[in-house]
Amino acid sequence: ESSRAEEVALLRRRRERVPEASREYDNDAIALDATKMTATAAFAAGLFASFHAYPYYPDFMVLDSGYARARSPEGPSHYFGYLRELVEYHGRMPVVISEYGVPSSRGNAHLQPQGWHHGGHDEAAHASINARLTRDIAASGAAGLGFFALIDEWFKKNWLVIDFEQPLERNRLWLNTLDAEQHYGLIAMRPGVRDSAIVIDGRPDDWAGRQPLATDGTRSLWAAADEAFVYLRLDVGRVDWAATRILLGIDTHEPAAGDRRFPFGAGASPVGLEFVLDLAGPERARLLVDPPYNLYRFAPIVGSNPPVQQSIYNRPFRSEPNADGRFDTLWVTPNRRTIGRDGRVYEAQRYERNLLRHARQQESTLADWFADSASGTIELRLPWGMLHVTDPSSRQVLRGVNGSDPAHVSTDGFRFVLRVLDVSGAEPRLRASLPANGAASWTWAAWESPRWYAERKPAFAAMRETLRAIPDAGPTTRDP
């Protein structure tokens with residue numbers, strides 16, 4: 001794996017334009033070899049080597065062909081191949097893996113071949129993967145381990161989203177489910193209040209005491225919020241997804257900015273839309289964004305041969321007035337294009353972050369929405385960051401740049417426009433619009449002290465049982 005300086009030199013040798021520096025850092029640019037240290041007689045306890053070792057990063061663990069052939073007692077494991085080399089290198093010196101784990105975040109900051117990614121796991125997968133990593137560490141011959149972490153930490157920051165958490169000193173006041181670093185815990189720090197939490201299951205009973213933003217007697221639109229999500233409820237009656245497409249336009253700030261036309265032939269909008277929630281069926285749902293307001297755009301790498309496009313920031317991060325009805329989804333690049341020290345190029349890996357998972361929350365903690373066929377109620381929750389809210393606690397949204405960095409502006413709230421389309425024919429036909437005229441306005445209360453409650457994740461019990469099952473190695477025979 002090349003350092004940043006080495007990579008720049010390799011790119012120039014290839015006559016490629018050097019891209020702007022990533023928020024990632026040089027994980028292994030400086031080495032400290034513990035085997036060069038020895039204990040004197042005055043320190044009879046001896047020394048051990050301590051490493052933070054996660055399965056998905058740095059890139060050499062993911063990309064090296066030797067680790068791709070490695071197998072632990074339970075099957076293929078790049079991670080186990082690295083652990084075995086680490087233990088063997090240190091010889092008689094005990095090796096402790098003092099940090100490891102994967103997070104249960106919606107956002108994914110790095111892809112890993114076995115699927116042990118830097119996020120993107122629901123809490124069931126979080127439990128299963130972390131138990132497997134624990135067993136792989138034990139099987140590698142390591143002397144001990146320290147799991148990261150006991151609790152979720154709202155104040156943590158990740159390179160992939162840090163530029164869009166502003167003001168940065170306030171990120172501890174809200175939970176960003178797109179931020180992998182905030183979701184490692186065995187114990188979840190849930191947003192809001194336990195007794196009044198909205199659960200994504202298609203049942204309207206947990207909306208008691210709230211009033212709809214708009215209704216026509218048959219359909220209704222509702223909104224709510226906590227420290228992590230915007231919750232939406234659409235009462236539209238029984239839905240035949242083969243004949244129905246539901247669009248919810250969302251204006252997050254400055255009604256004159258954004259797109260004044262819906263996509264898919266749904267007509268004009270009374271306000272400029274930054275986002276459109278597109279529900280075309282349980283397996284076909286996503287949040288769309290007006291192209292000028294997308295976080296990223298693809299641009300050719302000058303000098304690349306064969307030609308390659310790279311994902312870059314879509315500055316100036318402004319919602320611009322338009323009426324073309326064209327909206328994008330959002331692709332993020334957790335594994336950027338990189339060049340090894342031997343000159344081999346490893347192309348970028350991307351995933352579509354704005355795809356929405358249809359499931360009950362009881363089935364997956366990463367459920368985004370669920371449509372109940374019996375009640376005709378659709379419930380959704382969108383992370384604040386997906387709507388480019390940089391700090392919900394002070395109602396800040398992405399707007400413009402400060403120098404070259406993303407900037408933010410206060411919003412007075414959101415405006416919603418619901419469209420229900422009949423798509424059974426050759427051309428879509430408008431079946432309903434809510435409100436009938438104008439847009440439904442909604443805002444939320446700012447806060448200085450976040451609400452939260454603690455709850456054990458499945459990993460709490462899984463790790464307890466996994467650790468109990470690992471036999472004690474007994475007294476060491478290694479030299480001190």
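The values are calculated or read from the model by the stated rules, or taken from the named source; none is laboratory data. Just so it is clear, the model here is predicted, and its values are computed rather than measured. Methodologically, a virtual Cβ is constructed for each residue, glycine included, from the backbone with ideal geometry; neighbour enumeration extends over all protein chains shown. Accessible surface is based on the protein model in full, side chains and every heavy atom, while ligands, DNA and RNA are left aside. Shrake-Rupley method; radii C 1.70, N 1.55, O 1.52, S 1.80 Å.
The residues of the range 329-372 that are touching a Leu at 6+ places or on another chain (Cβ under 9 Å) and aromatic (Phe, Trp, Tyr), listed by number, are Tyr346, Tyr351, Trp369, Phe370.
Applying the condition of being assigned to a strand (DSSP E or B) and of a type in the set (Val, Ile, Thr) to the range 86-125 and asking which residue is farthest from Thr177 (Cα to Cα) yields Val95. Residue check, Val62 against (1) open to solvent by 20 Å² or more (accessible area, probe 1.4 Å); (2) touching a Leu at 6+ places or on another chain (Cβ under 9 Å); (3) part of a helix (DSSP H, G or I), all met but one. Which one? Every condition holds for Val62 apart from (1). Output yes when any residue across the range 437-449 is of a type outside the set (D, E, K, R), under 23 Å from the mean Cα position of the chain (by Cα) and over 30 Å from Gly281 (Cβ atoms), and no when none is. No, the range 437-449 contains no residue that is of a type outside the set (D, E, K, R), under 23 Å from the mean Cα position of the chain (by Cα) and over 30 Å from Gly281 (Cβ atoms). Evaluated against (1) closer than 21 Å to Gly144 by Cα; (2) of a type outside the set (D, E, K, R); (3) exposed (fewer than 14 other Cβ atoms within 10 Å of the Cβ); (4) touching an Asp or Glu at 6+ places or on another chain (Cβ under 9 Å), Ala44 falls short on exactly one condition, (4). The set of residues in the range 309-324 being part of a loop (DSSP other than H, G, I, E, B) and open to solvent by 30 Å² or more (accessible area, probe 1.4 Å) consists of Arg315, Pro316, Arg318, Glu320, Pro321, Ala323, Asp324.
Could you figure out which of (1) of a type in the set (S, T, N, Q); (2) modelled with pLDDT of 95 or more; (3) under 26 Å from Gln310 (Cβ atoms) isn't true of Ser22? Just one mismatch for Ser22, condition (2). Per the conditions (1) open to solvent by 20 Å² or more (accessible area, probe 1.4 Å); (2) closer than 22 Å to Arg23 by Cα; (3) hydrophobic (A, V, I, L, M, F, W, C), the sole criterion not satisfied by Phe327 is (2). Within the range 341-381, the residues that satisfy the criterion of being touching a strand residue (DSSP E or B) at 6+ places or on another chain (Cβ under 7 Å) and more than 11 Å from Ile200 (Cα to Cα) are Val345, Tyr346, Ala348, Gln349, Arg350, Tyr351, Glu352, Arg353, Asn354, Leu355, Leu356, Gly376. Taking the criterion of being in contact with a strand residue (DSSP E or B) (Cβ under 8 Å, 6 or more places away or on another chain) and outside any helix (DSSP H, G or I), the residues of the range 42-59 that qualify are Phe48, Ala49, Ser50, Phe51, His52, Ala53, Tyr54. In the range 15-41, of all residues being outside any loop (DSSP other than H, G, I, E, B) and open to solvent by less than 90 Å² (accessible area, probe 1.4 Å), the one that is farthest from Ile162 (Cα to Cα) corresponds to Thr35.
If you go through the range 65-98 and keep only what is touching a strand residue (DSSP E or B) at 6+ places or on another chain (Cβ under 8 Å), over 14 Å from Arg135 (Cα atoms) and not aliphatic (A, V, I, L, M), you end up with His90, Pro94, Ser98. If you go through the range 453-476 one residue at a time, do you hit one that is free of Cβ contacts under 8 Å to residues at least 40 places away in the same chain, in a loop (DSSP other than H, G, I, E, B), open to solvent by less than 80 Å² (accessible area, probe 1.4 Å) and under 30 Å from Glu88 (Cα atoms)? There is at least one residue in the range 453-476 that is free of Cβ contacts under 8 Å to residues at least 40 places away in the same chain, in a loop (DSSP other than H, G, I, E, B), open to solvent by less than 80 Å² (accessible area, probe 1.4 Å) and under 30 Å from Glu88 (Cα atoms). Within the range 65-80, the only residue that satisfies the criterion of being assigned to a helix (DSSP H, G or I) and either open to solvent by less than 10 Å² (accessible area, probe 1.4 Å) or at positive phi (or both) is Tyr79. Here the strands (runs of 3 or more DSSP E) wholly within the range 252-305 that include at least 1 residues being surrounded by fewer than 18 Cβ atoms within 10 Å (Cβ to Cβ), under 21 Å from the mean Cα position of the chain (by Cα) and not aliphatic (A, V, I, L, M) are 296-300. Among residues of the range 198-246 being at pLDDT 95 or above and of a type in the set (S, T, N, Q), the one that is farthest from the chain's Cα centre (by Cα) is Thr215. For the range 259-279, residues that are free of Cβ contacts under 8 Å to residues at least 60 places away in the same chain and touching a Phe, Trp or Tyr at 6+ places or on another chain (Cβ under 7 Å) total 1. Annotation note: of Val199, Val193, the sole residue that is open to solvent by 40 Å² or more (accessible area, probe 1.4 Å), more than 21 Å from Arg395 (Cα to Cα) and among the β-branched types (Val, Ile, Thr) is Val199.
In this structure, Ala225 does not qualify as open to solvent by less than 30 Å² (accessible area, probe 1.4 Å), at negative phi and touching a residue at least 24 places away in the same chain (Cβ under 8 Å).
Within the range 173-197, being in a loop (DSSP other than H, G, I, E, B), within 21 Å of the chain's Cα centre (by Cα) and of a type outside the set (Phe, Trp, Tyr) holds for Leu175, Asn176, Thr177, Leu178, Asp179, His183, Gly185, Leu186, Gly192.
Considering only residues of the range 330-343 that are assigned to a loop (DSSP other than H, G, I, E, B) and open to solvent by 60 Å² or more (accessible area, probe 1.4 Å), which is farthest from Asp26 (Cα to Cα)?
Among those residues, the one meeting the criterion is Asp342.
Taking the residues in the range 1-14 that are part of a helix (DSSP H, G or I) and among the acidic types (Asp, Glu) as candidates, determine which candidate is surrounded by the most Cβ atoms within 10 Å (Cβ to Cβ). In this case the residue turns out to be Glu7.
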